[in-house]
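S.K.: First the structure, then my questions, so here it is.
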Amino acid sequence: MPTGRPTDQWGNDVTAAGADAVGALDKTLMSYLALDRQTGPLLKDALAADPDMVMAHCLKGYFFLLMASGPLRDRVPKVLAAAEAGLEGATDREKTHVRALKHWLDGDATGAVKTWEEILADHPLDVLALRLAHHAYFYMGAAGGMLSSVERVLDAWDEGAPGYGFVLGMRSFALEESGDYGAAEEIGRRAVDINADDPWAVHAVAHVMEMQGRHGEGVEWISGLQRHWNQANNFRYHLWWHRALMHLGRGEVDEALRLYDESLWDPDSDEYLDLCNDVSLLLRLELLGVDVGDRWPALAEKASSRIDDRMLAFIDCHVVAALAAAGQIDKAERMAGEMASAGGIFADVGAIVSKALIAHRTGDYPAAARLLGDVRDDIVTIGGSHAQRNLFNLLLEDAENREA
Ligand SMILES: [Fe+2]
């Protein structure tokens, strides 16, 4: 039934001042899917076109929470209030997005995922709900959820729908994390054929190659598409990280260290994924016996700004690792204690992994092995990819070897 409202490019009704505002929202969403640097400015355009647009405020709140930073989280209540101000005339889909934003802000990622799934049940072309659910499942370590979420909506999508390649990219990554490497590679390559400017799809195929130990092919794949993904926002550093891992797989530690200095390390970045990439690569190099020199203090300085965040246990473990590696054991121990007090996944897994990281750093290998052994089967629940969490397997192996 016609509602008189403009529709976005996927046919969803949008409450907005006019087609211009919705056009700006469309562009913002496509930019977000492409992990493009213009996403923030495009959202500003959308809000300039309609300062009351519920979906634009929602998107702003989502983007702040995607950054997983305490100071940005603290700005979300105001954004949520701006979204709620427009609820009276909003559609059910928009109201449900606002509800999801509230769940997420409250730290209830499970509630947020359920709410995005509610939207997808009625609006399978709501690519924002799809991508956010994908992200949230990822940080729950729920590969099965990630896969079924995207597969449930596939029938509604075809090559004619804007952003179809991005959906294939998500499906590819979900298949990879579910261990179906053959299908993941085939679909990831198709996604890149449709749209090479999709760093997430490039990344999904890189993961397949990492998991299958195809390091030479991995370097070629990542390098061959560099002109596309190296235009992306900070996610590009994560692709550099993957390339560095491929070099580690080939025993080329000097090249990995060179990439750390020249392509991964960004002194101006305060993004969590960059911190995790950097910590993870330096630790892996050390586990291979490489002296990483004086690189830890600068990383620990960045980590220090995240000590009180408690956004994701996955991030917190990397923060503790950086502090401990820089010799700031007291700070690291205090943070591990605060994670233990925070309850939930922070206490059940994050604090234990953190204590293990400190024990490993201070040479208490039996304690590191015992602690990591205790949570070995639960580490998946802090989220991240198999390749990222493999760091903890490597630490456990190292602790066991040194203990023996
Ligand atoms: Fe990755």
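The values are calculated or read from the model by the stated rules, or taken from the named source; none is laboratory data. What you see is a predicted model; the values in this text were computed from it and never measured. Ideal geometry is used to build each Cβ from the backbone, glycine not excepted, and the neighbour counts take in all protein chains shown.
S.K.: Just one of the numbered conditions (1) closer than 27 Å to THR28 by Cα; (2) of a type in the set (A, V, I, L, M); (3) within 12 Å of the ligand (Cβ to nearest atom) is not true of MET211; which one?
M.R.: Evaluating MET211 over (1) closer than 27 Å to THR28 by Cα; (2) of a type in the set (A, V, I, L, M); (3) within 12 Å of the ligand (Cβ to nearest atom) leaves (1) as the failure.
S.K.: Out of all the residues in region 48-63, which are in a helix (DSSP H, G or I) and surrounded by fewer than 20 Cβ atoms within 10 Å (Cβ to Cβ)?
M.R.: Scanning region 48-63 gives ALA48, ALA49, PHE63.
S.K.: Between a first residue in region 236-248 that is over 10 Å from LEU259 (Cα atoms) and a second residue that is of a type in the set (Gly, Ala, Ser) and within 11 Å of the ligand (Cβ to nearest atom), which pairs have beta carbons less than 6 Å apart while being 6 or more apart in sequence or on different chains?
M.R.: Qualifying pairs under 6 Å: HIS242/ALA206.
S.K.: Residues in region 181-196: is at least one without any contact (Cβ under 8 Å) to a residue 12 or more places away in the chain, over 22 Å from the mean Cα position of the chain (by Cα), over 21 Å from GLY163 (Cβ atoms) and more than 16 Å from the ligand (Cβ to nearest atom)?
M.R.: For region 181-196, residues without any contact (Cβ under 8 Å) to a residue 12 or more places away in the chain, over 22 Å from the mean Cα position of the chain (by Cα), over 21 Å from GLY163 (Cβ atoms) and more than 16 Å from the ligand (Cβ to nearest atom): present.
S.K.: Return only the number of the condition from (1) charged (D, E, K, R); (2) in contact (Cβ under 8 Å) with a residue 12 or more places away in the chain; (3) in a helix (DSSP H, G or I) that LYS44 does not satisfy.
M.R.: (2)
S.K.: Write out, first by first residue and then by second, each pair whose Cβ atoms fall under 6 Å of each other, whose residues are 6+ apart or on separate chains, and whose first residue, in region 211-235, is in contact (Cβ under 8 Å) with a residue 60 or more places away in the chain while the second is surrounded by fewer than 17 Cβ atoms within 10 Å (Cβ to Cβ).
M.R.: Pairs that qualify, where the first residue is in contact (Cβ under 8 Å) with a residue 60 or more places away in the chain and the partner is surrounded by fewer than 17 Cβ atoms within 10 Å (Cβ to Cβ), are ASN233/ARG37.
S.K.: Which one of these is within 14 Å of the ligand (Cβ to nearest atom), within 27 Å of VAL353 (Cβ to Cβ) and small (Gly, Ala, Ser): ALA256, ALA298, ALA204?
M.R.: Testing whether each residue is within 14 Å of the ligand (Cβ to nearest atom), within 27 Å of VAL353 (Cβ to Cβ) and small (Gly, Ala, Ser) leaves just ALA204.
S.K.: Further, regarding this structure: Say whether the condition of being within 19 Å of GLU176 (Cα to Cα), under 18 Å from the mean Cα position of the chain (by Cα) and β-branched (Val, Ile, Thr) is met by at least one residue in region 207-224.
M.R.: yes
S.K.: If you go through region 214-228 one residue at a time, how many are within 30 Å of LEU42 (Cβ to Cβ) and within 14 Å of the ligand (Cβ to nearest atom)?
M.R.: Final tally of qualifying residues: 2.
S.K.: Now a separate question. Condition (residue is modelled with pLDDT of 95 or more, within 23 Å of GLU151 (Cα to Cα) and within 16 Å of the ligand (Cβ to nearest atom)) applied to region 229-238: is it met by at least one residue?
M.R.: Checking region 229-238: not a single residue is modelled with pLDDT of 95 or more, within 23 Å of GLU151 (Cα to Cα) and within 16 Å of the ligand (Cβ to nearest atom).
S.K.: Further question: Criterion first (of a type outside the set (Phe, Trp, Tyr), modelled with pLDDT of 95 or more and in the same structural domain as ALA85 (by TED's automatic domain parsing)) does THR28 satisfy it?
M.R.: Yes, satisfied.
S.K.: Is one or more of the residues making up region 285-293 assigned to a helix (DSSP H, G or I) and within 20 Å of the chain's Cα centre (by Cα)?
M.R.: Within region 285-293, none of the residues are assigned to a helix (DSSP H, G or I) and within 20 Å of the chain's Cα centre (by Cα).
S.K.: I've got another one for you. Does LYS27 count as free of Cβ contacts under 8 Å to residues at least 24 places away in the same chain and either within 20 Å of the chain's Cα centre (by Cα) or surrounded by fewer than 16 Cβ atoms within 10 Å (Cβ to Cβ) (or both)?
M.R.: Judged against the criteria, LYS27 is not a match.
S.K.: ALA336 is checked against (1) within 16 Å of the ligand (Cβ to nearest atom); (2) on the phi < 0 side of the Ramachandran plot and fails just one. What number does that condition carry?
M.R.: If we test ALA336 against (1) within 16 Å of the ligand (Cβ to nearest atom); (2) on the phi < 0 side of the Ramachandran plot, just (1) comes out false.
S.K.: Can you tell me which residue among LEU372, LEU391 is away from the ligand (no atom under 16 Å from the Cβ), surrounded by 18 or more Cβ atoms within 10 Å (Cβ to Cβ) and touching a residue at least 24 places away in the same chain (Cβ under 8 Å)?
M.R.: LEU372
S.K.: I would also like to ask the following. Looking at region 167-190, can you tell me whether even one residue there is part of a loop (DSSP other than H, G, I, E, B) and under 29 Å from GLN38 (Cβ atoms)?
M.R.: For region 167-190, residues part of a loop (DSSP other than H, G, I, E, B) and under 29 Å from GLN38 (Cβ atoms): absent.
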